[in-house]
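A.B. asks: Structure below; questions to follow.
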Amino acid sequence: MPGTGESRAALAAWPTGLDALAAGWQPLVRGFLRSAEGRRLSDFLQARLAAGATVYPPEPLRALQLTPPEAVRVVILGQDPYHGPRQACGLAFAVAPGVRPPPSLRNIYKELAREFGQPPGTDQPLAHWARQGVLLLNTSLTVEAGQAGSHARIGWQALTSQIFDRLVAGPRPLAFLLWGAHAQALRPAGADAQRPLWLAANPPSPLSAQRPPVPFIGCGHFGQVNDFLRRQGEPAIDWLGNARAVAPTCPRPPFDGIIASSLPERWPSG
C-alpha cells in the first residue's frame, strides 16, 4: 500500500467526493454511477485499490465540484490525468500546489506569456480559471501510477461524453478549446458551428506544441475566448490570476466562431 504521504496524493476509496459535487452535476453523475457501466467502473476501481494499486488523482470529480454546469463558460478537454507522483489534482492540465509544472503545463504558461506579455501571477492559475467558469475536464478521470492511459477504457468516457453533450446542447453559447485529436473527436457530428466557439490546435505536449498544422504555441486561443465572451456581454476570463483580464499584446487569428475547415481530421499525438 502507498505510504502516508503518497496516499494523501492518491485515490483512497471509490466513490468519493459525491457530496461535494456542484448541485447541478449531482443527478447526471449519480445516475451514471447507478448505471451498468457506472457499476462496472466502480467495481474496477475498488478492485484495483484493494489490490494495492496507486490511482491518481485523489479527487477525480474535482472539476465538477469547482465549476457548476450553470457557471460553465469555457470547456477545455484533456485526455487522462498526469501519472506521476503528486501531480494530478482532478483538473485537466493542472497540478497540485507545490508541484513543478509538467511540460504540457509549461507550454500553456508559455502561450499565456506570449499572448499577454507576462506569465501567470499565481502558481495555481488553472484552479482560478475553474472558479470563473472554465471546466477543465479530462475524458478519463483516473490513471494508475506510471501508466499513462491505463484507465482509458474502463468506462469514464460514458460519463464525460454525457457531460460534454449536455454542455453542447445547452442554451448558453460556450467556448470549446479542443487541443489535439482526442479532444476534437468528441465534437458531436452536426454540432452547431455558429453558436458556440470551437477552437482547435495541437495539444500542448512537448512533441506537438510547435508542430503543424496548428501549433499550440501561437494559437491565440485565450484571447479569442475573451473576445467571444465579450461579444456575449460576459466578462473576460482572468487567465493570469491577476484579478483582472489583461489585454493580449500579440496579434492573434481573427475570431470566426468555428474550427477552420482546412484542419485535418487527425493530429499528431503527443
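A.B. asks: Exactly one of (1) under 30 Å from ASP43 (Cα atoms); (2) under 15 Å from the mean Cα position of the chain (by Cα); (3) open to solvent by 30 Å² or more (accessible area, probe 1.4 Å) is unmet by THR139. Its number?
C.D. replies: (3) is the only condition that THR139 fails.
A.B. asks: Restricting to region 178-189, give me the number of residues that are surrounded by fewer than 22 Cβ atoms within 10 Å (Cβ to Cβ) and either among the polar types (S, T, N, Q) or in contact with a Cys (Cβ under 9 Å, 6 or more places away or on another chain) (or both). I'd like the intermediate steps shown before the answer.
C.D. replies: So the first thing to find is which residues in region 178-189 are surrounded by fewer than 22 Cβ atoms within 10 Å (Cβ to Cβ), and the list is 181-182, 184-189.
Add one more test, that the residue is either among the polar types (S, T, N, Q) or in contact with a Cys (Cβ under 9 Å, 6 or more places away or on another chain) (or both), and what stays is 184.
Looking only at that region, the number is 1.
A.B. asks: Name every residue in region 151-168 that is open to solvent by 10 Å² or more (accessible area, probe 1.4 Å), touching an Asp or Glu at 6+ places or on another chain (Cβ under 9 Å) and in a helix (DSSP H, G or I), in order of residue number.
C.D. replies: ALA158, VAL168
A.B. asks: Considering only region 20-92, give the helices (runs of 4 or more DSSP H) lying wholly within it that have at least 2 residues that are of a type outside the set (Gly, Ala, Ser), farther than 16 Å from GLN162 by Cβ and open to solvent by 60 Å² or more (accessible area, probe 1.4 Å). So that I can check it myself, show each step before the final result.
C.D. replies: Numbers: elements: 26-34, 36-50, 62-66.
Once the helices (runs of 4 or more DSSP H) in region 20-92 are filtered for at least 2 residues that are of a type outside the set (Gly, Ala, Ser), farther than 16 Å from GLN162 by Cβ and open to solvent by 60 Å² or more (accessible area, probe 1.4 Å), what remains is 36-50.
The values are calculated or read from the model by the stated rules, or taken from the named source; none is laboratory data. Note that the structure is a prediction, hence the values are computed from the model and not measured. Counting neighbours? That spans all protein chains shown, and the Cβs are built from the backbone with ideal geometry, glycine included. Surface accessibility is based on the protein's heavy atoms, side chains included, excluding ligands, DNA and RNA. Shrake-Rupley method; radii C 1.70, N 1.55, O 1.52, S 1.80 Å.
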